[in-house]
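The next block holds one structure in the form of structure tokens; read it before the comments.
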Amino acid sequence: MALMAGLRVPARALLRSGCWLRGAALAGAEAAAGLGAGVRRFGSQRVLVEPDPAAGVAVVKLKSPPVNSLSLELLTELVISLEKLDNDKTFRGIVLTSDLCGVFSAGLDLTELCGRSPAHYAEYWRALQELWLRLYLSGLVSVAAVNGASPAGGCLLCLSCDYRVLADSPSCVIGPNETRLGIVAPFWFKDCMVNTVGHRAAEQALQLGTLFPPAEALRVGLVDQVVPEDQVQSTALAAMARWLAIPDHARQLTKSMMRKPTADRLAKHREADVQSFVSFVSRDSIQKALQTYLEKLKQKG
Ligand SMILES: CCCCCC/C=C/CC(=O)SCCNC(=O)CCNC(=O)[C@H](O)C(C)(C)COP(=O)(O)OP(=O)(O)OC[C@H]1O[C@@H](n2cnc3c(N)ncnc32)[C@H](O)[C@@H]1OP(=O)(O)O
């Protein structure tokens, strides 16, 4: 314990990225899912891709310790991996999950939003828009295997997928908590919430900054299944098989019909959205709110 306290960040990072205690169980789950021997993993420093060409499925794992916060680097690497998979006819579906224990994604990396230049904020927001548009409109079936906490931008990632499986653990909260930080979710995040849970539930959750525990997330329709932690990936793969039973062209056209009007609201006004974000995040009051929140997080740790 003392050693771990002395090496706080690296030890936590190792515990999370290595998932020491669960390594054997996960290896078993991978083998059961056909992702074991002979599979060549690829990806990048922060995004691990485990392909199963025979099934036409790739498991995409976020691995940016300590909490998979969406840094510019992680956003960029994820876009590149998704683009690669989208353009490779071998693949028909992806399972998006976390390689860390206990956290799916902590949402936007708050260090990208504090004390930076307007040019940096603009670059960061363009990268976030790019990721959302790519994932939301992807022709691939996308299943989120949500094996940890998923606040704010983490929730947006999940909502951009076609289907969501959440681990049944009290720490696996999910939802749009932006207002609790004193900030406002972008309209396209709001649209995703409305499309998933309906207007009234979205309005309440967005205004109150609700982080739903698993049973509540299921009740409100934010996720589609809640299962024991060790069954999240296998359940996601089983759901994937159901979606892949549908002919791609019909499913893809239907997905586009359902999602394109929402995506177009951003796609047609991307630069205005960037400028609106830059001017909002640059305000003194917003900078102070974000700094205070970050400091609280660090003190807690
Ligand atoms: C301003 C313009 C507004 C428009 C944009 C609006 C859209 C916003 C969407 C967002 O995503 S805002 C971000 C919201 N995210 C959160 O509120 C999550 C905050 N984090 C947590 O609640 C917890 O960290 C966790 C994810 C539940 C994990 O808890 P755990 O106890 O396992 O870890 P911690 O000890 O809390 O954190 C470890 C380490 O990581 C740092 N950290 C956590 N979250 C973030 C983050 N989002 N960005 C940057 N850094 C983060 C935390 O400070 C710790 O750092 P340390 O140096 O090791 O102490």
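The values are calculated or read from the model by the stated rules, or taken from the named source; none is laboratory data. None of the values given here were measured: they were computed from a predicted structure. Every residue, glycine as well, gets a Cβ built from its backbone with ideal geometry; the counts of neighbours run over all protein chains shown.
Okay, residues lined up against (1) touching a Phe, Trp or Tyr at 6+ places or on another chain (Cβ under 9 Å); (2) touching a residue at least 60 places away in the same chain (Cβ under 8 Å):
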| site | (1), (2) |
| --- | --- |
| GLU112 | yes, no |
| ARG116 | yes, no |
| TRP132 | yes, yes |
| VAL143 | yes, yes |
| CYS155 | yes, yes |
| SER169 | no, yes |
| PRO186 | yes, yes |
| THR196 | no, no |
| ALA201 | no, no |
So ASP191, is it assigned to a helix (DSSP H, G or I) and more than 29 Å from HIS269 (Cα to Cα): no
Number of positions in region 253-270 that are loosely packed, with under 12 Cβ neighbours inside 10 Å and within 27 Å of PRO118 (Cα to Cα): 1
Region 217-237: number of residues that are closer than 29 Å to PRO261 by Cβ and more than 15 Å from the ligand (Cβ to nearest atom): 9
So GLY209, is it free of Cβ contacts under 8 Å to residues at least 60 places away in the same chain and under 20 Å from THR262 (Cβ atoms): no
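Condition check ((1) modelled with pLDDT under 95; (2) more than 9 Å from the ligand (Cβ to nearest atom); (3) under 21 Å from ALA236 (Cβ atoms)) across all residues:
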{"residue": "VAL79", "(1), (2), (3)": "no, yes, no"}
{"residue": "ASP88", "(1), (2), (3)": "no, yes, yes"}
{"residue": "VAL103", "(1), (2), (3)": "no, no, yes"}
{"residue": "ALA152", "(1), (2), (3)": "no, no, no"}
{"residue": "CYS155", "(1), (2), (3)": "no, no, yes"}
{"residue": "SER160", "(1), (2), (3)": "no, yes, yes"}
{"residue": "ALA167", "(1), (2), (3)": "no, yes, yes"}
Residue pairs meeting the criteria (Cβ under 7 Å; at least 6 apart or on separate chains; first modelled with pLDDT of 95 or more, in region 285-300; second assigned to a helix (DSSP H, G or I) and not hydroxyl-bearing (Ser, Thr, Tyr)): ILE286/PHE280; ALA289/LEU181; LEU290/LEU110; LEU290/LEU181; TYR293/LEU110; TYR293/LEU181; LEU294/LEU110
